[in-house]
Amino acid sequence: MYSIEALNLSHHFTKGDPVLDQINLQVRKGSIFGFLGPNGAGKTTTLRLILGLLTKQQGDIRLFGKSFEQHRAEVLRQIGSLIESPSIYGHLTAAENLLIWQKVYQCPQKRIPEVLELVGLSNTGAKKAGQFSLGMKQRLAIAVALLHEPALLILDEPTNGLDPGGIVEMRTLLKTLNESYGITILISSHLLSEIEKLVTEVGIINRGKMVFQGTLEALMERQQQAASLVFEVNRAEQALNIIASHHPTAILAQGRLKLPAMSNEKTAAITRLLVTEGIDIYGITRGDNDLETIFMNITNN
């Protein structure tokens, strides 16, 4: 079952190219879905449409298997969200901020200490939210989003501006929410190293079009053949000349011999050739297959 389905979603702000062009997005129930894309790719616009913060122009949105248009109030009660900057009152404490939202959501007041404990803000006491660090403000905003016990959490760049410690804390919190409480999470980000450690599925958007959607493993497998083969040798220029007639696409990069990915058999043949010609080989690795490189390869095409 999908918690989110966006089908053929398109959107224009002004005349010209669409901000979104026939987007199809599916987020499985129980997953942590990483929504990736360069700045201006259409991530925030997509999330705003899913939440009804923008008027849909073309396409269909279904949440928890139900039409958003026909069941708007019902489905929104099951969603918590943080879009762009946290919406909190700086002159109030964490508990006082949550008390306002508790009245809006009409949920039990006992949820306030529960969510403060969950996000690690239970000991902030009388400290005003305006005195919080950015990481604490982000966690308070997530506490607001969790107050009514949603089944789905939608977060737009929740680690933006956080220091490394804050990013680790956020990652730990989101994993706990997913694994211990069964909350489905859709998180947009461009911090690819963090997404790689957190998500189970990935969607990549570029220039308003979805260019990939699937599991993180499937993305890695798709790019495996595109990963370069790197030889660390003692005489790189000589090695390049030796194999140039067999592999004209080989290049030198930072003193290493770099070739397109190939089979194990061909790799062994190149190794034998170089060794026969007196080239010492210190190591052979597959390079450029981390998530950041994959992301750049896909979005630059």
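Do you know which residues across the range 262-288 are of a type in the set (Val, Ile, Thr) and either in contact (Cβ under 8 Å) with a residue 60 or more places away in the chain or surrounded by 11 or more Cβ atoms within 10 Å (Cβ to Cβ) (or both)?
Scanning the range 262-288 gives Thr267, Ile270, Thr271, Val275, Ile279, Ile281, Ile284, Thr285.
For the range 172-194, state whether one or more residues are of a type in the set (D, E, K, R) and touching an Asp or Glu at 6+ places or on another chain (Cβ under 7 Å).
no
Answer yes if at least one residue in the range 192-205 is over 30 Å from Pro164 (Cα atoms) and modelled with pLDDT under 90, and no otherwise.
No, there is no match, as no residue in the range 192-205 is over 30 Å from Pro164 (Cα atoms) and modelled with pLDDT under 90.
Out of the residues in the range 24-36 that are aliphatic (A, V, I, L, M) and at pLDDT 95 or above, which is nearest to Lys197 (Cα to Cα)?
Filtering first and then ranking leaves Ile32.
Filter the range 113-139 down to the residues that are surrounded by fewer than 19 Cβ atoms within 10 Å (Cβ to Cβ) and over 19 Å from Leu173 (Cα atoms) and list them by number.
Gly125, Ala126, Lys127, Lys128, Gly130, Gln131
Among the residues of the range 104-121, is there at least one that is in contact with a Pro (Cβ under 7 Å, 6 or more places away or on another chain) and within 17 Å of Thr176 (Cβ to Cβ)?
no
Of the conditions (1) surrounded by fewer than 18 Cβ atoms within 10 Å (Cβ to Cβ); (2) part of a strand (DSSP E or B); (3) touching a helix residue (DSSP H, G or I) at 6+ places or on another chain (Cβ under 9 Å), Glu232 clears all except one; give me its number.
For Glu232, the failing item is (3).
Please list, ordered by residue number, the helices (runs of 4 or more DSSP H) wholly in the range 114-225 having 1 or more residues that are farther than 30 Å from Asn264 by Cα and free of Cβ contacts under 8 Å to residues at least 12 places away in the same chain.
164-181
Is it true that some residue in the range 14-21 is assigned by TED's automatic domain parsing to the domain that holds Ala151, modelled with pLDDT under 95 and closer than 19 Å to Leu82 by Cα?
There is no residue in the range 14-21 that is assigned by TED's automatic domain parsing to the domain that holds Ala151, modelled with pLDDT under 95 and closer than 19 Å to Leu82 by Cα.
Among the candidates Ile88, Ile32, which residue alone is of a type in the set (A, V, I, L, M) and under 22 Å from Val211 (Cα atoms)?
Ile32
The values are calculated or read from the model by the stated rules, or taken from the named source; none is laboratory data. Just so it is clear, the model here is predicted, and its values are computed rather than measured. Please note: Cβ atoms are built from the backbone with ideal geometry, for glycine as well, and neighbour counts cover all protein chains shown.
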